[in-house]
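Reviewing the structure listed below.
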Amino acid sequence: MLYWLTALSDGGDLFNLFRYITFRAGGAFLTALIFGFLFGKPLINVLRKRQGKGQPIRDDGPESHLSKAGTPTMGGLLIVGALVTSTLMWGRWDNPYIWMVLLVTLGFGLIGFADDYAKVSKQNTNGVSGKIRLALGVLIALLATMWATYFHPEGLQNHLALPIFKDTLINMGLLYLPFGICVIVGSANAVNLTDGLDGLAIMPAMIAGLTLGVIAYVVGRADFTQYLDVHYVENTGEIFIFTMALFGAGLGFLWYNAPPAAVFMGDTGSLALGGALGAIAVATKHELVLAIVGGLFVVEALSVIIQVLYFKRTGKRVFLMAPIHHHYEKKGWAEPTIVIRFWIIALILAMIGLATLKVR
C-alpha cells in the first residue's frame, strides 16, 4: 500500500525510497515486530480468559508436558495478524505472488483456527476431522498452484527446476498440479508436526522463510539470475517483503513463546506458516530447495511416517516416540537443549539451501 507514495516522488526525495523492495522489506519487518509487541499481551489475556483450561494436553505424550496444562493456544493469530497487516502495508497490491502467498497463509490459518477451536471447546485433542482438513488443504493448494503456474514464464510453466543442475528442467505437464499440492500441503503438515515444544517450530520457520525470501528476491531480478545462472521468475522479488514480515512476526511471537511459553501458536500458526513456505517454493520454482531449507520439518514428518508404517508392520517402534523431538525427550534431553540444537540444524540447512544458488 505504501508503495503508492512513489507517485509523490520526483526521483530524489524520501518518497523515492518506497520504490525499493529492500526498504519496504525492512519496514515490513519492523511493522510486524511492533505489532507483535503491541498486541501480544492483550491477545494472550483474551485467549486465556476465553479458553479457560487452555490447550488440551495429550495423555500419551511426554510426562513433562503435563505441567503445560492451562497454557492458551491460537497464538498463531498474532503471527498471521502481524504478517498479513505488514505485507498489505508494505507490499505491492498489483503483485500476483503476494496475493497467492497470502491466500495460502490465510486459508491454512483458518483451517488451523477451526481445529484449535474444536479442541479447546471440546477440551480434548480431537479437532476437525483429518479428512476435512486434508480436503480443504488440497483445495487451497490446488488454487495456489494454478495461480502461480498461470503467472510463471511460459518456459517454466509446469516444469520442475533442479538445484545445482541449473540447465535441467523436467516437464511434468499436468502432473505439476498434484506435485505443487503435495509441496504446499506437505509443508503445512510438516511444520504442524514440528510444533511440539516451546519455540521449536517458530525459529526454523523464520529461518526457512527468510532464506526462501532471499531466493525469491534473487530469482526476481534478471541481473542476479544471469550472474548466478538460475531461472528468472519476474515479480517474485516482492515475496521478500512477505518473508521479512514473517521474520518480524515470528520474533514478536517468540517473545511470548520462549520457554516456558505463555501461549502456543497452535494449528492456527503452524499450518499457516508451513503453507506459506510451500507456496513460496512453488512461486519461485524452488520446490526441491524447500526440502533442503526446511529439512528439519522433513525429518520430523518422516519420523512419524516411519514410526507408523513400521509399527503397523511389526508391532514395534523405531523411535521411543514420534515426532522425533519427543524421542529425544524420552531419552532425557532437556527441552531447551532439543529446541536450540534443532535451531542450529535449521540454520545449517538454510545455509546449504542458499549455497545452491551459486553452485554451477
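The values are calculated or read from the model by the stated rules, or taken from the named source; none is laboratory data. It should be emphasised that the depicted structure is a prediction, and the values quoted were computed from it without experimental measurement. Glycine gets a Cβ as well: all are built from the backbone with ideal geometry, and neighbour counts include every protein chain shown. Protein only, heavy atoms only, side chains kept; ligands, DNA and RNA dropped before computing areas. Shrake-Rupley method; radii C 1.70, N 1.55, O 1.52, S 1.80 Å.
Tabulated data for the structure shown
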quantity	calculated
Checklist (1) surrounded by 15 or more Cβ atoms within 10 Å (Cβ to Cβ); (2) part of a helix (DSSP H, G or I); (3) free of Cβ contacts under 8 Å to residues at least 60 places away in the same chain applied to Ala135, failing item	(1)
Qualifying residues in segment 295-338 (those that are part of a helix (DSSP H, G or I) and of a type in the set (Lys, Arg)) - the one farthest from the chain's Cα centre (by Cα)	Arg313
Within segment 233-268, considering residues that are assigned to a helix (DSSP H, G or I) and of a type in the set (Asp, Glu), the one farthest from Pro72 (Cα to Cα)	Glu238
Subset tally (residues that are of a type in the set (Gly, Ala, Ser) and surrounded by fewer than 17 Cβ atoms within 10 Å (Cβ to Cβ)) for segment 336-360	1
Residues of segment 290-322 classified as under 25 Å from Ile280 (Cα atoms) and at pLDDT below 95, total	0
Matching entry among Leu142, Leu169, Leu177 (being surrounded by 15 or more Cβ atoms within 10 Å (Cβ to Cβ) and touching a strand residue (DSSP E or B) at 6+ places or on another chain (Cβ under 6 Å))	Leu169
Leading residue by the ranking (nearest to the chain's Cα centre (by Cα)) among those in segment 156-166 that are free of Cβ contacts under 8 Å to residues at least 24 places away in the same chain and over 15 Å from Thr236 (Cβ atoms)	Asn158
Pair list, Cβ under 6 Å, 6 or more apart: segment 37-48 residue free of Cβ contacts under 8 Å to residues at least 12 places away in the same chain and open to solvent by 60 Å² or more (accessible area, probe 1.4 Å), other residue in a helix (DSSP H, G or I) and among the aromatic types (Phe, Trp, Tyr)	none
Tabulated pairs, segment 298-312, first within 14 Å of His326 (Cβ to Cβ) and touching a residue at least 12 places away in the same chain (Cβ under 8 Å), second of a type in the set (A, V, I, L, M) and open to solvent by less than 40 Å² (accessible area, probe 1.4 Å), C-beta under 7 angstrom, 6+ apart or interchain	Val299/Ile324; Glu300/Ala190; Glu300/Ile324; Ala301/Ala190; Ser303/Ala322; Ser303/Ile324; Val304/Ala322; Gln307/Ala322
Qualifying residue in segment 72-85 (condition: of a type outside the set (D, E, K, R), buried (at least 18 other Cβ atoms within 10 Å of the Cβ) and closer than 23 Å to Asn235 by Cβ)	yes
Long-range neighbours under 7 Å by Cβ, at least six apart or interchain, first residue under 17 Å from Gly266 (Cα atoms) within segment 177-202, second of a type in the set (Ser, Thr, Tyr) and not in a loop (DSSP other than H, G, I, E, B)	Val191/Ser270; Asn192/Ser270; Asp195/Ser270; Leu200/Thr194; Ala201/Thr194; Ala201/Ser270
Test: Ala291 is under 24 Å from the mean Cα position of the chain (by Cα), open to solvent by 10 Å² or more (accessible area, probe 1.4 Å), farther than 22 Å from Ala188 by Cα and of a type outside the set (Val, Ile, Thr)	no
